[in-house]
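The values are calculated or read from the model by the stated rules, or taken from the named source; none is laboratory data. Here the structure is a predicted model, which is why all the values come from computation and not from measurement. Counting neighbours? That spans all protein chains shown, and the Cβs are built from the backbone with ideal geometry, glycine included. Accessible surface is based on the protein model in full, side chains and every heavy atom, while ligands, DNA and RNA are left aside. Shrake-Rupley method; radii C 1.70, N 1.55, O 1.52, S 1.80 Å.
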Amino acid sequence: MIHFTCDGCGRSLNPEFDVRYVVRMEIYASLDPSETDLDDDCDHLQDIQDILERLDDADDTEIGEDVYQQVRYDLCSECRKRFSLNPLGRLAAPQFGFSEN
Ligand SMILES: [Zn+2]
């Protein structure tokens, strides 16, 4: 039997009792801003398509990791709640101390 652990809290998920949530993220490099100013979204998407196709061809996933990265997490319901409230987690500014100087 496949055993899953929550990537948020490390708790093991029992398939009989726990709902497992899957988070999938794509992180990819934004292309040259001067090009995206040109109102030409089609070319922009085409460029990404090209990158993705090249990545598909390559077996070595490390080749384009700084260009394109896909991440997958398994979460328990508690961590799913926390994640959806604050998807960037620790990257976000802390709740306390609003002093802006
Ligand atoms: Zn969890």
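Laid out as a table, the results:
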quantity	calculated
Test: residue in segment 48-56 that is under 23 Å from Gly10 (Cβ atoms) and either at pLDDT below 80 or open to solvent by less than 70 Å² (accessible area, probe 1.4 Å) (or both)	no
Residues of segment 57-94 classified as surrounded by 13 or more Cβ atoms within 10 Å (Cβ to Cβ), farther than 16 Å from Met25 by Cα and at pLDDT below 90, total	1
Residue in segment 4-28 that is farthest from the ligand (Cβ to nearest atom), counting only those that are open to solvent by 90 Å² or more (accessible area, probe 1.4 Å) and over 14 Å from Arg80 (Cα atoms)	Tyr28
